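Novice: Once you've had a glance at the structure underneath, I'll fire off some questions.
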Amino acid sequence: MPTPSISVIIPVYNAAPYINACLESIADTTLIDWSDLEVCIVDDASTDGSDKVMAGGLERLQQLGIGHLHIRRLSMGPSGVGSARNAAIEMSCGQYFIFLDADDI
């Protein structure tokens, strides 16, 4: 699989009501080659079931053929949005970063 040009970085903390709308907004993007995109999501130890809620949105992104999809959960309690973004950047391989918050649409 080729290295993606664009990495979408999404930190998540207790965003169950919003995360699927955020993922849907990525899926609704029309000006992109899906194989040239990766989505990196870091769950910063959410306690509201965000990981379970986002499963449907992630499935849709996989069906679109996104080149890379990375999900990581920080297990040592909430570390803050900066730490979650940094963890997502560390696991990404894109040339350019797009930063979204879990409640962005």
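Novice: Considering only residues that are over 13 Å from the mean Cα position of the chain (by Cα) and not small (Gly, Ala, Ser), look in segment 61-80 and name the one that is surrounded by the most Cβ atoms within 10 Å (Cβ to Cβ).
Specialist: Only one residue fits best here, namely 74.
Novice: Just one of the numbered conditions (1) in contact (Cβ under 8 Å) with a residue 24 or more places away in the chain; (2) more than 17 Å from residue 95 (Cα to Cα); (3) among the hydrophobic types (A, V, I, L, M, F, W, C) is not true of residue 55; which one?
Specialist: Every listed condition holds for residue 55 apart from (1).
Novice: Say we look at segment 90-105 and pick out the residues that are within 10 Å of residue 18 (Cα to Cα) and not β-branched (Val, Ile, Thr); which of these is surrounded by the most Cβ atoms within 10 Å (Cβ to Cβ)?
Specialist: 102
Novice: Of the residues that make up segment 10-18, is at least one within 22 Å of residue 84 (Cβ to Cβ), β-branched (Val, Ile, Thr), surrounded by fewer than 20 Cβ atoms within 10 Å (Cβ to Cβ) and touching a Phe, Trp or Tyr at 6+ places or on another chain (Cβ under 9 Å)?
Specialist: The answer is no, given that none of the residues of segment 10-18 is within 22 Å of residue 84 (Cβ to Cβ), β-branched (Val, Ile, Thr), surrounded by fewer than 20 Cβ atoms within 10 Å (Cβ to Cβ) and touching a Phe, Trp or Tyr at 6+ places or on another chain (Cβ under 9 Å).
Novice: Kindly provide the set of residues from segment 19-47 that are open to solvent by 60 Å² or more (accessible area, probe 1.4 Å), in contact (Cβ under 8 Å) with a residue 12 or more places away in the chain and not hydroxyl-bearing (Ser, Thr, Tyr), ordered by number.
Specialist: Matches in segment 19-47: 24 only.
Novice: Just the residues that are touching a strand residue (DSSP E or B) at 6+ places or on another chain (Cβ under 6 Å) and of a type in the set (Asp, Glu), please, taken from segment 45-58.
Specialist: Once the filter is applied, which keeps residues that are touching a strand residue (DSSP E or B) at 6+ places or on another chain (Cβ under 6 Å) and of a type in the set (Asp, Glu), segment 45-58 yields only 51.
The values are calculated or read from the model by the stated rules, or taken from the named source; none is laboratory data. Quantities reported herein were computed from a predicted structural model and do not represent experimental measurements. Glycine also receives a Cβ, built like all others from the backbone with ideal geometry; neighbour counts cover every protein chain displayed. Keep in mind that these areas ignore ligands, DNA and RNA; they rest on the heavy atoms of the full protein, side chains included. Shrake-Rupley method; radii C 1.70, N 1.55, O 1.52, S 1.80 Å.
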